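The values are calculated or read from the model by the stated rules, or taken from the named source; none is laboratory data. In this text, all values refer to a predicted model and were calculated from it rather than measured experimentally. Neighbour counts run over all protein chains shown; Cβ positions are idealised from the backbone, glycine included.
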Amino acid sequence: MGVMRKLSPQARIVLDALATERDWLHGYELSRRTGVRPGTLYPLLERLADRGLLEAKWEENLAAGRPRRHAYRITADGDHLRARLAEPPVPAPARTTRIVSRPA
């Protein structure tokens, strides 16, 4: 899977949309639901699939004359990462500052 970079806001939106559906969605439908424009969405979907956060497949059983389309769904790794990012961050322990007074 390689080095995990921080997820962009668009990536989080797409993962949330796929996690809510739990079924295969096409890029056009994802764009419509999330508001992420196709020029951003399709490279994003490819990167998320390369990182193992999404599955991608070619649509089967097409109606006559329809072009093939990719469909996407979230993987267990993608869902785990999405849930982890949704958790509030753990606060850092309070730092105590010791003030040292100097003699006058």
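General observations
- Restricting attention to the range 7-46, the residues that are more than 10 Å from the chain's Cα centre (by Cα) and under 19 Å from residue 80 (Cβ atoms) total 4.
- Failed criterion for residue 58 (all others in (1) surrounded by 15 or more Cβ atoms within 10 Å (Cβ to Cβ); (2) farther than 17 Å from residue 81 by Cβ; (3) among the hydrophobic types (A, V, I, L, M, F, W, C) hold): (1)
- Qualifying residue in the range 25-36 (condition: out of contact with any helix residue (DSSP H, G or I) (no Cβ under 8 Å at 6 or more places or on another chain), among the acidic types (Asp, Glu) and either buried (at least 16 other Cβ atoms within 10 Å of the Cβ) or free of Cβ contacts under 8 Å to residues at least 24 places away in the same chain (or both)): yes
- Note on the chain: enclosed helices (runs of 4 or more DSSP H) holding 2 or more residues that are β-branched (Val, Ile, Thr) and at pLDDT below 95 are 9-21.
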